[in-house]
Ligand code: ADP
Ligand code: MG
């Protein structure tokens, strides 16, 4: 396998659509997770936000990655009330800025852009490892992806590694006590439940791996 394979503009759009489909299908599950340690709106927030994103993207058809992901980020920031709107919004805004005015990304460029997105989430929400947030799925995913890219993996292999690490990171949030966001108000009672945002972040990486493999 080579590292020359890339994600093109249609693939970026397919990634977003696949994420929209997953959060829509799993809306009730995400809400159930958020009802245990939050305010039962994560499924609704993500499904509404990604539906708005796809409407905008399909109407505007931005020609380059920076414009596409700026549209995505701005739409999430403005259409989702919960913490996840600004956080995912910032993720995509920073992702697009790092990707630049390009029409495709190879695995290394994708990894760099994802890292910039995660840095944006941290700049905005100050989450650290083990705080029981989306960070706990995204950070190990990007570490796995970087390692795969460094060892010469293909885009499909690197994103599959990221997907698997995100799922493991999501699962590892279950015993954690939340230290950020609404769930932190519960203190010790937040332990014993998966974090909703880590669960949706694992869906984001699943969607990416699916598109990269197709
Ligand atoms: P809200 O908490 O405002 O109701 P959501 O329910 O949509 O928003 O999203 C909750 C998720 O947001 C959490 O499960 C967590 O993963 C994520 N989150 C909350 N605060 C932070 C933060 N400071 N940094 C990173 N992620 C956060
Ligand atoms: Mg909530």
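Just a few scattered comments:
- Of the residues making up region 61-102, those that are more than 14 Å from ligand 1 (Cβ to nearest atom), over 14 Å from the mean Cα position of the chain (by Cα) and part of a helix (DSSP H, G or I) are 65, 66, 67, 68, 70, 71, 74, 75, 78, 97, 98, 99.
- Residue that is nearest to ligand 2 (Cβ to nearest atom) [pool: residues in region 169-185 that are in a helix (DSSP H, G or I) and surrounded by 18 or more Cβ atoms within 10 Å (Cβ to Cβ)]: 183
- Considering only residues in region 32-42 that are within 10 Å of ligand 1 (Cβ to nearest atom) and touching a residue at least 24 places away in the same chain (Cβ under 8 Å), the one that is surrounded by the fewest Cβ atoms within 10 Å (Cβ to Cβ) turns out to be 39.
- Number of residues in region 186-214 that are within 14 Å of ligand 2 (Cβ to nearest atom) and closer than 16 Å to residue 121 by Cβ equals 6.
- With respect to the conditions (1) in a helix (DSSP H, G or I); (2) within 16 Å of ligand 2 (Cβ to nearest atom); (3) without any contact (Cβ under 8 Å) to a residue 12 or more places away in the chain, residue 23 lacks only one, and its number is (3).
- Taking residues in region 159-188 that are on the phi > 0 side of the Ramachandran plot, and partners anywhere that are more than 10 Å from ligand 1 (Cβ to nearest atom), the pairs with Cβ atoms closer than 8 Å and at least 6 places apart or on different chains are 187/177.
- Just one of the listed residues (59, 51) is surrounded by fewer than 19 Cβ atoms within 10 Å (Cβ to Cβ), touching a helix residue (DSSP H, G or I) at 6+ places or on another chain (Cβ under 9 Å) and modelled with pLDDT of 95 or more, and it is 51.
- Subset tally (residues that are surrounded by fewer than 24 Cβ atoms within 10 Å (Cβ to Cβ), within 11 Å of ligand 1 (Cβ to nearest atom) and either within 14 Å of the chain's Cα centre (by Cα) or closer than 19 Å to residue 160 by Cβ (or both)) for region 125-146: 1
- Test: residue in region 101-108 that is within 18 Å of residue 141 (Cβ to Cβ) and out of contact with any strand residue (DSSP E or B) (no Cβ under 6 Å at 6 or more places or on another chain): yes
Yes/no matrix, rows are residues, columns are (1) within 11 Å of ligand 1 (Cβ to nearest atom); (2) at pLDDT 95 or above:
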position: 151; (1), (2): no, yes
position: 158; (1), (2): no, yes
position: 168; (1), (2): no, yes
position: 173; (1), (2): yes, yes
position: 181; (1), (2): yes, no
position: 185; (1), (2): yes, no
position: 188; (1), (2): no, no
position: 192; (1), (2): no, yes
position: 195; (1), (2): yes, yes
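The values are calculated or read from the model by the stated rules, or taken from the named source; none is laboratory data. Because the structure is predicted, anything quoted here is derived from the model rather than measured. Because the Cβ atoms are built from the backbone with ideal geometry, glycine has one as well, and the counts that use them run over all protein chains shown.
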